[in-house]
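I have placed the structure first, in the form of structure tokens, so that the comments after it can refer back to it.
The values are calculated or read from the model by the stated rules, or taken from the named source; none is laboratory data. Everything numeric here is computed off the predicted structure, so don't read it as measured data. Heads up, the Cβs are rebuilt from the backbone with ideal geometry, glycines too, and the neighbour counts pull from every protein chain shown. For accessibility, only protein heavy atoms count, side chains too; no ligands or nucleic acids. Shrake-Rupley method; radii C 1.70, N 1.55, O 1.52, S 1.80 Å.
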Amino acid sequence: MIDTKHTIQFVDLQRQYQRYRQEIDEAIASVIEQADFVSGQAVKDFAENFARFCEVGYCVPCANGTDALEIGMKALGIGAGDEVIVPANSFIASAEAVNNIGSEVVFCDVHPDSYNIDPQKIADKITPKTKAIMAVHLYGRVADMEPISLLAKKHGLFLVEDASQAHGALYRGKKAGNFGDFAVFSFYPGKNLGAYGDGGALVTNDENLYLHCKKLANHGRIAKYDHELIGRNSRLDTLQASILNTKLPHLSAWNVRRYEIAQRYHRLLADIPDIVPPKDFEGEQSVYHLYVIRVPATKRSSLQEHLKAQGIQTGVHYPISLPKLAAYAYLGHLDSDFPIANSFMNEILSLPIFPEMTDDEVGYVAQNVRNFFEISY
Ligand SMILES: *Cc1c(COP(=O)(O)O)cnc(C)c1O
């Protein structure tokens with residue numbers, strides 16, 4: 001029983017900075033001293049380091065994860081008149097990127113146990129216009145890539161991984177980033193590997209695709225003025241790369257700690273009948289970007305209020321399924337088109353989780369959740 005009141009942020013980024021302050025400050029200062037701001041040495045180093053971390057052949061650092069999605073799909077030749085299948089529960093970036101390359105989004109419902117795209121429901125969404133399936137590894141868990149890969153092969157479709165929330169997650173012995181034609185990662189500050197601003201990367205095992213994406217992200221060129229194609233400016237800047245290089249060696253340990261916190265939450269919440277905790281599957285390892293429980297829809301906001309009054313921040317990822325967002329109203333979907341995503345959006349609740357969170361703090365959150373449901377240990 002914890003009697004002192006805590007304030008627990010949903011993600012406390014200051015704690016990590018305080019701990020690694022010296023290394024990070026030195027990395028930043030060195031970039032500034034050398035005035036090596038764009039496409040500097042730290043960017044080249046990060047491309048190599050992150051490819052090694054993901055156990056893939058190639059990495060193209062980009063300005064953010066959303067750009068990386070657009071660049072990769074464009075390089076695959078996906079564009080006007082094409083359709084891309086996207087899960088109904090994700091951050092809007094997954095879908096937005098499809099629209100921004102001139103293609104149409106086709107939403108697919110999610111699986112009730114994994115919260116990721118439901119492989120059983122993908123086949124119905126395939127039309128003669130379908131070019132790709134985008135699997136999003138939501139909350140840190142790799143989507144069920146074996147059946148999805150088989151389906152993509154069978155129908156001659158590209159397979160895209162949005163691994164923005166799943167740096168280092170494992171599925172049947174392989175890391176996120178090794179299942180699709182390419183995968184993207186985001187280094188938005190709150191992600192498992194976060195920059196101090198925006199950042200992203202595309203990874204692939206296909207050398208030609210890598211070279212194409214590298215050009216697209218840098219004005220269509222490799223050397224200074226040899227613009228071979230119409231590209232854009234989507235580079236990771238050197239300051240961000242230097243911060244990411246400093247943090248990357250710690251990422252595996254941070255992911256282990258996130259997993260430990262998740263196991264602790266599992267144990268402390270397992271006997272509350274109103275709660276459905278996240279499931280761990282055999283042969284897979286989530287990196288728990290988020291710890292998402294489900295509670296009855298009628299109790300979610302009062303639970304959030306109760307926790308807030310005890311100093312505990314929570315989140316909802318995401319409060320509106322993608323097909324129900326105003327941005328996608330033009331598709332004219334009914335609630336019944338995506339029964340799982342549309343019912344879960346009212347039940348999901350994300351509890352605080354970040355590597356620097358202490359066991360006491362996890363206990364404090366769990367205790368207050370138990371108090372709300374009037375369940376004692
Ligand atoms: C964070 C995120 C992205 C990309 O985000 P950026 O802010 O563009 O780096 C894409 N998809 C998902 C699921 C995300 O969580």
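Observations, loosely collected:
- Near pairs, Cβ below 6 angstrom, 6+ apart or cross-chain, from segment 289-308 (on the phi > 0 side of the Ramachandran plot and modelled with pLDDT of 95 or more) to any residue that is open to solvent by 10 Å² or more (accessible area, probe 1.4 Å) and in a strand (DSSP E or B): none
- Segment 1-54: number of residues that are open to solvent by 70 Å² or more (accessible area, probe 1.4 Å) and in a strand (DSSP E or B): 1
- Of the residues making up segment 48-57, at least one is at positive phi and not hydrophobic (A, V, I, L, M, F, W, C).
- Strands (runs of 3 or more DSSP E) contained entirely in segment 132-215, each with at least 2 residues that are under 20 Å from G79 (Cβ atoms) and more than 13 Å from the ligand (Cβ to nearest atom): 158-162
- Some residue of segment 59-68 being within 22 Å of K191 (Cα to Cα), modelled with pLDDT of 95 or more and part of a loop (DSSP other than H, G, I, E, B): yes
- Qualifying residues in segment 275-298 (those that are open to solvent by 50 Å² or more (accessible area, probe 1.4 Å) and either part of a helix (DSSP H, G or I) or of a type outside the set (A, V, I, L, M, F, W, C) (or both)) - the one farthest from G177 (Cα to Cα): T298
- The residues of segment 165-200 that are at positive phi and either out of contact with any helix residue (DSSP H, G or I) (no Cβ under 6 Å at 6 or more places or on another chain) or open to solvent by 10 Å² or more (accessible area, probe 1.4 Å) (or both), listed by number, are G168, R172, G173, G197.
- When K129 is tested against (1) away from the ligand (no atom under 15 Å from the Cβ); (2) touching a Phe, Trp or Tyr at 6+ places or on another chain (Cβ under 9 Å), just one condition goes unmet, and that condition is (2).
- The set of residues from segment 55-91 being under 30 Å from S103 (Cα atoms) and away from the ligand (no atom under 16 Å from the Cβ) comprises V56, G57, Y58, A75, L76, G77, I78, G79, A80, G81, D82, E83.
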